[in-house]
Every structure is written in C-alpha cells, then in structure tokens.
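The values are calculated or read from the model by the stated rules, or taken from the named source; none is laboratory data. Computed from a predicted structure; not experimentally measured. Here Cβ is always computed from backbone atoms with ideal geometry, including for glycine, and neighbour counts include all displayed protein chains.
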Amino acid sequence: MNGLWDWDAAWAVLPELLLAFVQVTLIVTVLSTAIAAVLGLFIAILRMSVPKPIAAVITFIGDFIRMTPIVVQLLFAYWTFLTIEPLTIGIVVFGIHYSTYMAEVYRAGIDSVPKGQWEATTALSMSKRRAWTAVIVPQALRATVPALGNYAISMFKDTPFLLTIGVVEMVRAGLTFGGNNFRYMEAITLAGVIFLLASYPTSLLISRLEKRLAYNY
Amino acid sequence: MPTTTDPHAAAGDGTAAAVPAIRFENVEKRFGDNVVLKDLNFEVAKGDRVTLIGPSGSGKTTILRLVMTLESLSDGYIYIDGEPLTHELRDGKRVARSEKAQKQIRKRIGMVFQQFNLFPNMTVLENIIEAPVHVLGQSKAEATKRAMELLESVGLPGKANAHPLQLSGGQQQRVAIARALAMDPDILLLDEVTSALDPEIVGEVLGILRHIAETTDITMLIVTHEMQFARDVSNRVMMFDGGRVVEEATPDVMFTNPQHERTQAFLHAVLGSGDGHIGTH
C-alpha cells in the first residue's frame, strides 16, 4: 500500500483541492488583482499629480511594502486585525502588496506616452482629468497589460502563503488531507499540477492579448 | 511703467478693435542657463498672419509654445486680446494667473504641431469632437456635424472612422488641422506643420491652410521653412535671430529687399539663390 504514488489517494484528494481552488485561490486571485490594478493606477497617477515631497512619501511607502515579504505582511495584518476574516485580510493584503508593483508598471506605461500627447490635450484645453482618462491612461494601458497579467499570475502562485494565516487554500487543503490519510505526495503534486494548468493557458492568453494590442490601433 | 500693463483699461474703453490679438511684453525665456528669448516685445494684430522665420534655435517655436502655455514664461508678460495669459502685474508684482483663468484664454487658441499629435486611441472623428464636446460642451450630434464639414473641407470626408495611424502623414496633419479648427479658435498657431511630411504632400497641407487663411479671419502665427507659403499667406514676416526680432516687414519687402544682413544671409541660405529673392508665380 505504501508506494510512492497512490491513485486512490489522488482521486480522493482531487475534489477537495478543486473546491479549495475555486473557493479560495481563484477568488483571492481575481479580487486581489482587481484591487491591485485599480489601486496601482490610482497610486501611479497620484504620484505624478501631487507636489514632489508628497510624491516622495508615497514612493517610500510603496518601496517599504515591496521590500518586505508578503508573508510578514499577512501575519502582521492577521495579528493586528484579529476580528477580521483571514480570507478578507488575505485579499486586501495581496491587493495592496501587488498594487505597489503595478503602480511601477503603470508609471512606465504612462512615461511611454509621447509628450506630444500631453501637449495636444493642453492645446485643446482639455481638463487634466479628461486628459488622463481619455488620452493618457488608454494609451498607457496598452503597454502595461502584459506586465499586469504577469503580476496577476505571480500573485496566483503566491496564494499558498495564505496558509500561514489559516486560510484553507489549495495547499492547506492538501496538507490537511495528507495529515489525515498520511498521503502527502498526491496532494502536493496535484496542487502543483492545478497551478500549472491554470497559469500556463493564462500566460498564453496574455501574450496573445499583447500581440493584438500592439497592432490594433 | 507703461499703462498697457492694465489690459482692462484698454479693453473696456471702446478701443477693443485696436487691442492686439497677441502681445509680448519684455518676454524672457530661459532653459536653465540658456537664454532663448530675451526682452522680447512684439504685437500681432487681430486677423494678422505673421510668419516667424530664422535659423533653428532662434526661439521661433518657443514663442508659439509660450502662447499655447506649453512652456512657462521666465519673465515678462503675454497678452491675448489684451488679457494677461500666464502672469499679470498686480500691485506692482508679477504674479501667476490661476489655471482657470489661463484655461479660459487657452480655449481661444488652437495649435497644429509638427508631429500632428493626434490621439491614436481614438478614431479621426473622436479626435475632432473630443474637445468641442468635453471642453465647449457641444452636443455630440452638433460636434459630429461640424466635424464632418471640417473633414470635407480638408479633403478627407470618408475617413471619419479611420484610426490616425492608418492614415498617411499628410492625412494625419489634415485631421489635426480640422481638430484645431473644430474649437473655432481666434488664434491659430502653426508649428512647422509640414516639416515632418514628404515633399510631395507638403503642397496639399499648405493648400488647405492657404484656403483657411483666405476664408476666415483667424489670427495666425506661423513658424515655417516654406518661404513660398510664408509669402502667400502672411501679411507680416518677422526674422528672428538669437532670441530677438532682427527685422520685420511685409513678405514682399522681406523676400525681395531684406535690410538686415542676418536676414539676407538666412534667406540666401534657405532659398539657395544668389540674391535672396523668391519667384512670384
């Protein structure tokens, strides 16, 4: 019975893994990506619109968040906000953490919009707000979609860190099964395969999107 | 100080017709230590078509960019229809005007750029109606109707739904002209609008501008290397060198009998003929 691989155990753990995948991993990835994408854009624009000292403070906070491990941030938030659901904490922490990366991507995208575009918005007396929303951001996004997609995949693969704050995501579900049945190999392997099966097609999708965006003006 | 620094007195006493469309007063522009314009004074009357000529680096384009508020003034004042544009003299002090006040004036000024600067994420039509709808508050239908007329007048009636990058350079520049005109500007700034175009399509763009000059009373301030165009369209030519106006004359005088030796040398260089004349066609 104690071979390296047991198909019965594999079939037994699979539904539990898939359930955790849908209920936690996928939800965290989607919601945190949404938070990171919106907050990141907000940070990038804010940093370019406020006076230099305030921008420096925003940059410092961003650097601070990026330079500390996400596990530390998860645990810190978990022990600080004991009354909040761990899943909610996970979603918010992932969202904020990755928003600092995405802000950098947006900044590069915004910088890549030619200066003449800004000048045209001035020559047409467009408001700053309208210039951002109608001209600059749409052009900046084209350059940033691939990088943003890659960060989303990266976040997806970081979700097992949630087990440190007791969220039963896919790996935690696998470990629990392993502990109960003394079969870890199948659970961990299958979790890895599910990650691969989800992220590989997504990365292909992103590179296709990248190609389409490049020629579609 | 001259009383002309109080624009409201000039505008309010019934002599509005005499108020110049553009007036530079002691304008200075520096980029770091590099002084591009120094103590510059000149006026452009309403309806005037003034061409600025001179060697590159002489500050011509900077003048247009200052009027469009794309560059900030280092010192001095610019008045549009007698109203201070970016700075005003208040209680003996030079103070910056509010963004809101600047915007009100800016709305009356249009600019066409050397590099077109169309918005590539919008269609041709969207480019043209963007500002009329969102800045002037026109309805979409109204702005579209006008845009279609303008596209017709620049010879691109079928291109409303095309994207700018699907068009040739000459077509893009014609759209840019239509976009500027859609704002019904009192003042139109043309910054080397044919310099980025292939020689064989320069003519089509200049023809459209010539037509606009003939059929409207828009004040035009033009920077160009096309001396024939300068001669056809403008009623005044100003020769710049080293950030100063070295000579100012009607095109006929300027191109046939320039007085200043810098002008003579410049025209000789750009026209490539022995006597600095250009032919009349």
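Observations on the structure shown:
- Flag: residue A:31 does not match the condition of being closer than 14 Å to residue A:104 by Cα, surrounded by 15 or more Cβ atoms within 10 Å (Cβ to Cβ) and at pLDDT 95 or above.
- Residue in the range B:78-85 that is outside any helix (DSSP H, G or I) and small (Gly, Ala, Ser) present: yes
- Unmet requirement for residue B:195, which otherwise passes all of (1) under 18 Å from the mean Cα position of the chain (by Cα); (2) polar (S, T, N, Q); (3) in a helix (DSSP H, G or I): (3)
- Extreme residue, farthest from the other protein chains (Cβ to nearest Cβ), among residues of the range A:106-147 that are in a loop (DSSP other than H, G, I, E, B) and in contact (Cβ under 8 Å) with a residue 24 or more places away in the chain: A:112
- Single condition residue A:45 does not satisfy, out of (1) within 14 Å of chain B (Cβ to nearest Cβ); (2) crowded, with 16+ Cβ neighbours inside 10 Å; (3) within 30 Å of residue B:85 (Cβ to Cβ): (1)
- Selection status of residue B:151, more than 9 Å from chain A (Cβ to nearest Cβ), on the phi < 0 side of the Ramachandran plot and touching a strand residue (DSSP E or B) at 6+ places or on another chain (Cβ under 8 Å): no
- A count restricted to the range B:133-142 and to residues that are more than 9 Å from chain A (Cβ to nearest Cβ) and either in contact (Cβ under 8 Å) with a residue 40 or more places away in the chain or in contact with a Lys or Arg (Cβ under 7 Å, 6 or more places away or on another chain) (or both) stands at 1.
- Out of A:140, A:134, sole residue that is of a type in the set (A, V, I, L, M, F, W, C), more than 26 Å from residue A:208 (Cβ to Cβ) and either under 26 Å from the mean Cα position of the chain (by Cα) or modelled with pLDDT under 90 (or both): A:134
- Residues located in the range B:96-106, provided they are crowded, with 19+ Cβ neighbours inside 10 Å and at the interface with another protein chain (Cβ under 8 Å from one of its Cβ atoms): B:106
- Filtered residues of the range B:107-121 (kept if part of a loop (DSSP other than H, G, I, E, B) and either farther than 20 Å from residue B:165 by Cα or at the interface with chain A (Cβ under 7 Å from one of its Cβ atoms) (or both)): B:107, B:108, B:113, B:115, B:117, B:119, B:120, B:121
- Under the condition of being assigned to a helix (DSSP H, G or I) and more than 13 Å from residue A:164 (Cα to Cα), the residues counted in the range A:39-92 number 30.
- Yes/no for residue A:71 being more than 14 Å from the chain's Cα centre (by Cα) and either within 22 Å of residue A:185 (Cα to Cα) or surrounded by 13 or more Cβ atoms within 10 Å (Cβ to Cβ) (or both): yes
For every residue, the table says whether it meets (1) assigned to a loop (DSSP other than H, G, I, E, B); (2) within 29 Å of residue B:130 (Cα to Cα).
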| site | (1), (2) |
| --- | --- |
| B:63 | no, yes |
| B:73 | yes, yes |
| B:76 | no, no |
| B:88 | no, no |
| B:104 | no, yes |
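- Yes/no for residue A:190 being surrounded by 15 or more Cβ atoms within 10 Å (Cβ to Cβ) and modelled with pLDDT of 90 or more: yes
- Filtered residues of the range B:20-66 (kept if of a type in the set (S, T, N, Q) and under 12 Å from the mean Cα position of the chain (by Cα)): B:51, B:61, B:62
Okay, residues lined up against (1) assigned to a strand (DSSP E or B); (2) polar (S, T, N, Q); (3) free of Cβ contacts under 8 Å to residues at least 60 places away in the same chain:
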position	(1), (2), (3)
B:27	yes, no, yes
B:30	yes, no, yes
B:38	yes, no, no
B:47	no, no, no
B:50	yes, no, no
B:55	no, no, no
B:58	no, yes, no
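- Subset of the range B:262-274 that is surrounded by 11 or more Cβ atoms within 10 Å (Cβ to Cβ) and not aliphatic (A, V, I, L, M) - its residue that is modelled with the lowest pLDDT: B:273
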